[in-house]
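Every number in this text was worked out from the coordinates using simple rules, so none of it is lab data. What you see is a predicted model; the values in this text were computed from it and never measured. Using ideal geometry, Cβ is built from the backbone for each residue, glycine included, and neighbour counts are taken over all protein chains shown.
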Amino acid sequence: MPTSVKMPRLGESVAEGTVGAWLKNEGDLVERDEALAEVITDKINAELPSPVAGRLVKILVGTDETVAVGVDIALIEESADIAAAPFSAGEQPPVETDHILVMEPGRAVAQSLIIPDGRMRVAGSVTSAEEDGADVVSLAEEERQRISPLARRLAREHGIDLNDIMGTGTGGRVRKEDILASVEKRQTAQAIKSTPSNFQSAAKEVVSTPEATSPTTTSSADEELITPSRMRLAIAEHMVRSKHTSPHATTVVEVDMTNITKWLAQNKEDFKRSQGYGISYVPFVMKAVCEGIRKFPIINSTWTADNKIIIKKRINLGVAVATDDGLVVPTIYDTDQYTIAGLARQVNALAQRARMNKLTVQDMQNSTFVVNNPGVFGTIISMPIINQPHAGILSMDSVVKRPVVIEDDAIAVRSMMYLSLSFDHRILDGAGAGGFLQAVRTKLQSYGREINIY
């Protein structure tokens, strides 16, 4: 029985997706985890990997067609001997590749090919006496020029010569990300060359890519009408639905971050030089959140449609990342298994992929709780909205020096931070939410001057 390929959920709040392009045709052989299609939602564009190895026997959803999450979009016939299966009537056997030597990714490929009459041809070296093998060379060239339909469309829109692009996909395939990187490189170069008189307009061109810009219409001298992007509309819908779904309550604690602040001041530059990525307050807070969840596992749960509570045994923290297009919440799986240094690496990798629009389907699924960091923008106290279907969300605000009362009624200048927890009042009461926050605070304040992050 064929295996169904379903429209994935690219984000906890995403209810539907659009097939942007099929990267395989009916009858094609596919490997497990090989890209089948490009899927587009209001939050992310991603390649959909094949769940099994086999033959793509049926495409059920066409290009540019939008369907709900979980709907079957294709069927794959899974079989151990599928590679040896006979071809149907009218289907041409593939050209067998003896070996492939990639000279330069995405640019030049030399291939030795065995054609049906048993002779060997080398792609790119056919002479006039070998015109009978031209069709083989054409096939080889076509394979070399594999370009995703979305990448081809973007290249057309931006006037980019595909021969100038080095593909980073499998076999040197040119992907959407390669086109966007080329666009960014070109626009940055233009901005650098701009004179002071037109620098602002050049800078605006750099940041205002088609994906990030919202269409606007000026209706009068006093007003401007903005048409929100699809992503902004999706965020708006999710926020409204979350407030309608969960009775929100918020509680706040103050945390003394002085020792962590001093450690970061003394070590973060050396850490970045040695590790190649930065470290901030975020991994410390995430580690403390894992500690709190272990003590209060009910915070790592969800309320179901049939009025039950499912407690998730794995701790998969979502981390909110601000991009030019809006807020995305990729997932760090099994967060509690990482050291603080390991969490710093994961946070940095996810943030980079998010801002380069390279998040995968896996990145956007299965989070069980979210840590948000509006403090990076200077906020003091936040009241976050729950990312459905979670039981809660934690916001960490700015670490600010201020005088506080310490032991023996002494007053000292300390580095203080507010942690705000918004929680689903159907699942948690104030006592449980407060207990969780106290556990997080206790962990953060337990660090001394010497901190082992490994």
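Data overview
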item	result
Burial ranking of peptide ranges 353-361, 327-335 (average Cβ count within 10 Å, highest at the top)	327-335, 353-361
Burial order of peptide ranges 441-450, 268-277 (average beta-carbon count within 10 Å, highest first)	441-450, 268-277
When the convex hull of its Cα atoms is projected in every direction, mean area for segment 246-445 (nm²)	12.0 nm²
Förster radius 35 Å - calculated FRET efficiency between Ala305 and Ile380 (Cβ-Cβ, nearest 0.05)	0.40
Packing-based order for 399-407, 236-244, 55-63, using average beta carbon neighbours within 10 Å, highest first	55-63, 236-244, 399-407
Segment 215-314 - Kirkwood radius from inverse mean 1/r over Cα pairs (Å)	18.8 Å
Cα convex hull of segment 301-392 - mean projected area over all directions, nm²	7.0 nm²
Inter-probe distance in nm under a simple model that places probes 7 Å from Cα toward Cβ, at Arg355 and Val413	3.0 nm
